[in-house]
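Trainee: Got a structure for you, written out below as structure tokens; questions coming shortly.
Rule-based calculations on the coordinates, nothing more; no lab input. It should be emphasised that the depicted structure is a prediction, and the values quoted were computed from it without experimental measurement. No Cβ is skipped: glycine too gets one built from the backbone with ideal geometry, and neighbour counts run over all protein chains shown.
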């Protein structure tokens, strides 16, 4: 199983275009991993701080218990591009212990309810990783690939740190920590 995570990690680096610029901090910070249709501004102000968001999740609460369920651990990295739009990739072990990737584009809305600390994020993208006997655990799965939409609610603990709850449809809730840099 660790080899599968290594392969997914290398795929993520290739998709983000980070591999050749690791040693060059300025070039890494200016890299643009998003497709042009996401980064297109359409009258939105460009993201002045060109921020990256790292999200880590150590725990997922499933709506129903199953002996097949395994711990879900997630690491996600996304990049702001225009207004509050972003794109990114998550690597995680799914509920059945399979290494899984999620490539997505999304938008963040803040402030929420006139409180500058609350926000909502929604991502839409493609999952890969629900295979074998678990292929029917996500809808519209074709050879391990399936579409996904994930809404999340967050609270900014500080300008760089947040707590988030991701809604995983009828599967459960994922609790996460976010760090902006």
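Trainee: Kindly rank 73-80, 148-155 from highest to lowest mean number of other beta carbons found within 10 Å of each residue.
Mentor: 73-80, 148-155
Trainee: Related question: In nm, to one decimal, how far is the modelled label at residue 66 from the one at residue 135, with both set 7 Å along Cα→Cβ?
Mentor: Inter-label distance under the simple model: 1.6 nm.
Trainee: Distance in nm between label sites at residue 160 and residue 110, each 7 Å beyond Cα in the beta-carbon direction?
Mentor: The two pseudo-label positions are separated by 1.4 nm.
Trainee: Hey, could you pull the Cα Rg and Dmax for segment 78-181, both in Å?
Mentor: Considering segment 78-181 through its Cα atoms, Rg and Dmax are 14.6, 46 Å.
Trainee: Write down Rg/Rh for segment 58-122, rounded to two decimals, with Rg from the C-alpha atoms and Rh from the Kirkwood relation over Cα pairs.
Mentor: Checking Rg against Rh, the ratio lands at 1.09.
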